[in-house]
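Asker: Below are the structure tokens for one structure; questions will follow.
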Amino acid sequence: MTIHFGDSTSIASGGSLGKILQTKYVQSGSLTTISSSNYASVGGLNNTITPSSSSNKILLICGYNGGITNGSGTNLAIKIRFTQSIGGSVSSIYESNEDFQRYAIGNGEIDYMIAGQFFSYLDSPNTTSEITYNVQSKEAGGSGTHYVFSKSQLILLEVAA
């Protein structure tokens, strides 16, 4: 039996396209507080993986347990991104829009919003060198403080090409 995909990729029985070759998992152990419009690393949500072939892909999956406090009555928006570091060179490979988390309620009292969210990205790093992936977060508008709670997770899966 042969399976065909829309982009002319195919695998025959016993083929390895899409096979998961290795997994890496990390869970944050502490609370991260971020009150900045500059990206900051989310404590504990980084991990390394070394692809076995330069044609393989890395699937990143993040379970992000975040919260926002906003006592000013303004609109507070949060953005997140994945970064990749290969040989010391860091680059952003995925960035959310401003509505990853948004909170707009207030009138001077302290208000809270807590939400678990998931995001993923399929990276094509084209290397067999060690790669460090990192989750970062920032305020994208408004004022307040946001938090990333312990037990947020980052999963890296090497997927055979």
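Asker: Each residue of the range 135-142 in turn: what ³J(HN,Hα) in whole Hz from Karplus with 6.51, -1.76, 1.60 and θ = phi - 60°, glycine and Pro shown as x?
Answerer: Values per residue, Gly and Pro as x: 9, 10, 9, 7, 7, 10, x, x Hz.
Asker: Cα to Cα, under 23 Å, and not fewer than 8 places away if on the same chain: which lysines meet these conditions relative to Lys24?
Answerer: Lys57, Lys151
Asker: Can you list residues whose amide H is under 5 Å from Asn56's amide H, if they're 5+ apart or on another chain and H is modeled 1.01 Å from N?
Answerer: Amide H neighbours of Asn56: Ala161.
Asker: Further, regarding this structure: Highest first, please rank the peptides 120-126, 155-161, 78-84 by the mean number of other Cβ atoms sitting within 10 Å of their residues.
Answerer: In descending order of packing, they fall as 78-84, 155-161, 120-126.
Asker: On a straight-distance basis, which lysines could pair with Lys79 in a cross-link, Cα separation under 16 angstrom, same-chain partners fewer than 8 positions away excluded?
Answerer: Reachable lysines: Lys138.
Throughout, read-outs are computed from the coordinates displayed, never taken from laboratory work. If you're wondering where the values come from, they're calculated on a predicted model, not measured in any experiment. With ideal geometry, Cβ positions are generated from the backbone for all residues, glycine too; neighbour counts draw on all protein chains shown.
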